[in-house]
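The values are calculated or read from the model by the stated rules, or taken from the named source; none is laboratory data. The model shown is predicted, which means the values in this text are computed figures rather than measured ones. Here Cβ is always computed from backbone atoms with ideal geometry, including for glycine, and neighbour counts include all displayed protein chains. Keep in mind that these areas ignore ligands, DNA and RNA; they rest on the heavy atoms of the full protein, side chains included. Shrake-Rupley method; radii C 1.70, N 1.55, O 1.52, S 1.80 Å.
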Amino acid sequence: MTIRPSRRRFLKQSLATGGVLAAASGTGLGFLTGAPALAAAAAGRPLMPSGLQTGDISADRAMIWSRADRAARLIVDWSTTESFADARRVVGPAALASNDFCAKIDLAGLPQGQRIFYRAQFQNLDDVNVLSEPLIGRFNTPPAGFQDVSFVWSGDTAGQGWGINTEWGGMKIYEAMRRVQPDFFIHSGDTIYADGPIAAEAKMPNGQMWKNVVIEEKLKVAETLNEFRANYRYNLMDENLRRFNAEVPMLAQWDDHETVNNWYPTEVLANDDRYSVKSAALLAARANRAFMEYMPLRQHPRDPERVYRKISYGPLLDVFFLDMRTYRAAIGANNQSERSAATEFLGHEQIRWLKQELFTSNAVWKVIASDMPIGLVVYDNFQTKDTFENGANGNGPVRGREFDIADVLSFIKTADIQNVVWLTADVHYTAAHFYDPNQAQFQEFKPFWEFVSGPLNAGTFGPNDLDNTFGPQVMYVKAPPAGQFNLPPSDGMQFFGQVRIDARSRIMTVDLKDLDGATLYTKELNPEAA
């Protein structure tokens, strides 16, 4: 039986223990007012300036994350009751300077289909008798049987110079997503903009000024490990995001801006004067380290840098997280007529893994969380339009990186994998696409839907050109009017999607929503008969 807590009581507890303390910044300039006084007042106790997070939930496990302001040990009490009457304590790892004082605990032995309350605090390692004020969070474990499932997804946080504007209300879309009370959140990539400096002010198209909270490390592109870490610290200064993280598990993947725009492993940034570090591989290694430290992601035991993985959420849903960044070949014309090392996009091992996991999945619905859309053209150079960022490369037969996508889609058809839906972000607008083999140049695949959302707190662009290789049909789109681009969050064109799966009918309902949580478009998908 799921215990329904008093929402007012939960928020009161969470904000009372964490809302004030979380205003202090761990490094850099912090909030422009208040941080030094708070830090001095709490000098004898560890602070938790970045709040807490839950992530990578599974049947009986969940990752718990938090960060201290000094050397301290993470301690978590968890319970199935809001009163913590039956609390169990888990003593976690030390948060040290070597990991930017971040710590994660993999909670195990959790009951399935249950609301879990947890209380996180840090023990000062200089004086083990001193503890931080606790922060309180909650989440739902996946059900063992058929129960309704609801989740949200989107991407692109703090991009194009649009950072935390407290006068406007901060990253307000995170509050809109929290209000729909989802079971979890898929962050579809660009969780930070490491290549996007944030200045104190940015001029909006209407001539007014957007005012950002500023920290020192975000005044330039990220090159050092500390600068990559600071991008995550910056986002977590937002009260909306911290409140959201306390209630909704974060299932994160990455794309390019966690490192640098449109990067690939062999890239050399020879012509980018902003960078003294020219190797994209070195930047990506530092970026991955920061990503793994700051995201509540359960790392692979044999490959701790691996981002792609599967998350199962009961018998109704499996989510397959892709990594379209780490294993790709160099960006270019993307027009090779034969598959080769030069056309790699997902990489052989990830494709093998995805096929195996899809084939063995018993879930009714299989969601592929893709950090880039399939049939929208994303140019590497929007002026010349002769190099391409994702798989799509313009109308015509399968070419270049499209070979990897064709391989996956044809396998889904051959193996008769049912009820596959693709969710993505990246292009900074929202859309619903139906991929129809009867309208496609390549036809060896089952019809399927792809839903696009975002941005979360970044510039709005689009719409992108379509590529007919896999036959995408635009069923809905909302993007800026022609000639307008990089619209600020205050223009209202920030988007997220919500997915609801009904336990009785097995119907999946997908809603595309705006900044205020209003539904723009709805599509009901009936499951295929087994």
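In the range 225-270, what residues are of a type in the set (V, I, T) and within 15 Å of the chain's Cα centre (by Cα)? V248, T259, listed by residue number. Answer yes if at least one residue in the range 131-146 is within 17 Å of the chain's Cα centre (by Cα), open to solvent by 10 Å² or more (accessible area, probe 1.4 Å) and in contact (Cβ under 8 Å) with a residue 12 or more places away in the chain, and no otherwise. Taking every residue of the range 131-146 in turn, none turns out to be within 17 Å of the chain's Cα centre (by Cα), open to solvent by 10 Å² or more (accessible area, probe 1.4 Å) and in contact (Cβ under 8 Å) with a residue 12 or more places away in the chain. Screening T469 with (1) modelled with pLDDT under 95; (2) crowded, with 21+ Cβ neighbours inside 10 Å gives one miss only, at (1). Close Cβ contacts (under 6 Å, 6 or more residues apart or on different chains) running from residues in the range 343-363 that are under 17 Å from W422 (Cα atoms) and free of Cβ contacts under 8 Å to residues at least 60 places away in the same chain to residues that are surrounded by fewer than 12 Cβ atoms within 10 Å (Cβ to Cβ) and among the aliphatic types (A, V, I, L, M) comprise F359/A415.
The lone criterion from (1) charged (D, E, K, R); (2) farther than 28 Å from D273 by Cα; (3) in contact (Cβ under 8 Å) with a residue 60 or more places away in the chain left unmet by D190 is number (2).
Of everything in the range 387-421 that is over 18 Å from Q350 (Cα atoms) and among the polar types (S, T, N, Q), the residue that is most open to solvent (accessible area, probe 1.4 Å) is T414.
Would you point out which residue out of A120, A222 is open to solvent by less than 30 Å² (accessible area, probe 1.4 Å), small (G, A, S) and not in a loop (DSSP other than H, G, I, E, B)? None of the other options fit; the residue is A120.
Among the residues of the range 474-494, the one identified as closer than 18 Å to G170 by Cα and over 22 Å from the mean Cα position of the chain (by Cα) is D491. Has the range 105-114 got at least one residue that is within 19 Å of R500 (Cα to Cα) and among the hydrophobic types (A, V, I, L, M, F, W, C)? Scanning the range 105-114 turns up no residue that is within 19 Å of R500 (Cα to Cα) and among the hydrophobic types (A, V, I, L, M, F, W, C). The set of residues from the range 324-345 being among the aromatic types (F, W, Y) and either open to solvent by 30 Å² or more (accessible area, probe 1.4 Å) or more than 21 Å from N381 (Cβ to Cβ) (or both) comprises just one member, Y327.
Exactly one residue among D156, D183 is more than 28 Å from R119 (Cα to Cα), charged (D, E, K, R) and touching a residue at least 40 places away in the same chain (Cβ under 8 Å), and that residue is D156. Filtering the range 46-101 to residues that are touching a residue at least 40 places away in the same chain (Cβ under 8 Å), in a loop (DSSP other than H, G, I, E, B) and surrounded by fewer than 20 Cβ atoms within 10 Å (Cβ to Cβ) leaves S58, A59, D60, R61, R70, A71, T80, T81, E82.
When N419, N390 are checked against the criterion of being touching a strand residue (DSSP E or B) at 6+ places or on another chain (Cβ under 9 Å) and more than 19 Å from H257 (Cα to Cα), N419 stands alone in meeting it.
May I ask you to verify whether Q441 is open to solvent by 20 Å² or more (accessible area, probe 1.4 Å) and either under 28 Å from F411 (Cβ atoms) or acidic (D, E) (or both)?
yes
Filtering the range 481-525 down to residues that are in contact with a Leu (Cβ under 8 Å, 6 or more places away or on another chain), open to solvent by 10 Å² or more (accessible area, probe 1.4 Å) and part of a loop (DSSP other than H, G, I, E, B), which residue is farthest from G375 (Cα to Cα)? Filtering the range 481-525 for residues that are in contact with a Leu (Cβ under 8 Å, 6 or more places away or on another chain), open to solvent by 10 Å² or more (accessible area, probe 1.4 Å) and part of a loop (DSSP other than H, G, I, E, B), the one farthest from G375 (Cα to Cα) comes out as A503. Being of a type outside the set (K, R), modelled with pLDDT of 95 or more, in contact with a Pro (Cβ under 6 Å, 6 or more places away or on another chain) and in a loop (DSSP other than H, G, I, E, B) holds for only one residue in W210, W162, W263, and it is W162.
Restricting attention to the range 285-310, the residues being more than 10 Å from L225 (Cα to Cα), of a type in the set (A, V, I, L, M) and crowded, with 23+ Cβ neighbours inside 10 Å number 3.
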